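K.L.:
The structure that follows is given in the form of structure tokens.
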Amino acid sequence: VKKIAVLTSGGDSQGMNAAVRAVVRSGLFYGLEVFGIQRGYQGLLNNDIFSMDIRSVGDIIQRGGTILQSARCLEFKTPEGQQKGAQILRDRGIDGLVVIGGDGSYQGAEKLSKLGIKTMGLPGTIDNDISFTDYTIGFDTAVGIVVDAVNKLRDTMSSHERASVVEVMGRHAGDIALHAGLAAGAETILVPEVPFDLNEVADRMRQNFDKGKRHSIVIVAEGVGKGEEVVQAIKERQPSLEPRATVLGHIQRGGSPTPFDRNLASRLGDFAVRSLIAGESNKACGMIGGEMVLTDIEKVVATKKQFDMELYELASRLSQ
Ligand code: F6P
């Protein structure tokens, strides 16, 4: 490859900027020309493509969001849209593309690779729902935000001896709920991967108060349902718990990325560039056991990420 482009697509995540910086600076270091595509696949179809130099990615490693912006693009899901995108890249002589995003973004990269563009996918999402990588870029920061919020909720819940139900993001995955729940010492973690009975949940919460606990934190992954619904269910069963719902929403997607996310993004961005130079294409970059790994995009998209049941059981044991 001689000319590569980079885009961010789907929901943004903290650390995407660090990944863009790594792709641009590694690409330039290895003698490639590097282009940025604004607003994901929509920007590609609009030919919103510009040359990036070393300075164009200065002062962004610490910033949340993505300087390249992101968009959802229906046109790119059609074969005509994909042909058009590949042609636009060819016309500019761009033969390599790094796509930073989640599942949907990976599928676009796979299509472009079939049309002759060498592609690499980087896992950029707070949800940690991409297989063949232990962590996705943004997950660690999002978990930190949830833990910080729960710390604050604990203060006021303890003062009033109330229950707090915190709804967190994650789409269909319970990873944010699990990791934040364990780190925050939540009494209950409700995730789509593990069935639960609300009668038992409410009874256990009551018993915990009776045993001397001064608060009860329930973390609900959005894949399970709304925090407000869980609050209503608890109120019906144990009104004395006075449960309150907090929905953290898009706050979880903002703010400065943690050192872990910045370093993960930096390593993955550089690895994607070196893999393109080595002639690889249609691959997802990930980190498994601390090592950088490449996996066929088809395989990544077709494989559901394994939920960490051991960690879930540990969280249950420790929340007595
Ligand atoms: O994939 C990231 C994510 O924040 C999910 O956790 C959530 O379900 C979804 O995006 C929200 O999407 P939107 O930003 O379009 O409301």
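Rule-based calculations on the coordinates, nothing more; no lab input. No experiment lies behind these values; they were computed from the predicted model shown. Ideal geometry is used to build each Cβ from the backbone, glycine not excepted, and the neighbour counts take in all protein chains shown.
K.L.:
Helix 198-210 versus the longest principal axis of the chain: what is the Cα-based angle in degrees, 0 to 90, to the nearest 10?
P.N.:
Taking Cα atoms only, the helix is inclined about 60 degrees.
K.L.:
How many angstrom separate the Cα center of the range 253-286 from the Cα center of the range 176-199?
P.N.:
Comparing the Cα centres of the range 253-286 and the range 176-199, I get a distance of 30 Å.
K.L.:
How far is helix 103-114 tilted off the main Cα axis of the chain, in degrees rounded to 10, range 0 to 90?
P.N.:
Approximately 20 degrees, to the nearest ten.
K.L.:
If you take the Cα Rg of the range 86-147 and divide it by 2.2 N^0.38 Å, with N the number of residues, what do you get?
P.N.:
1.35
K.L.:
Please compute, for the alpha-carbon atoms of the range 240-313, the extent along each of the three principal axes and give them in descending order in Å.
P.N.:
63, 29, 20
K.L.:
Using alpha carbon coordinates only, what is the Rg to Rh ratio of the chain, with Rh defined as the Kirkwood radius? Present the calculation step by step, with values, prior to reporting the outcome.
P.N.:
On the way: Rg = 21.5 Å, Rh = 20.5 Å.
Over the Cα atoms of the chain, Rg/Rh equals 1.05.
K.L.:
Ok, one more. Could you line up Phe76, Phe50 from fewest to most neighbouring Cβ atoms inside 10 Å?
P.N.:
Details: Phe76 24, Phe50 12.
Fewest to most other Cβ atoms nearby, the residues stand as Phe50, Phe76.
K.L.:
What's the angle, to the nearest 10 degrees (0 to 90), between helix 259-277's Cα axis and the longest principal axis of the chain?
P.N.:
With rounding to tens, the tilt is 30 degrees.
K.L.:
For a label point 7 angstrom out from the Cα of Ala302 toward its Cβ, which stretches of the range 104-127 have the backbone nitrogen within less than 15 Å?
P.N.:
What the label zone holds, given the 15 Å backbone N cut-off, is 107, 110-111.
K.L.:
Order of Glu33, Glu75, Glu193 from fewest to most other C-beta atoms within 10 Å? Could you put the intermediate results ahead of the total?
P.N.:
Working: Glu33 17, Glu75 14, Glu193 20.
The most exposed by this proxy come first: Glu75, Glu33, Glu193.
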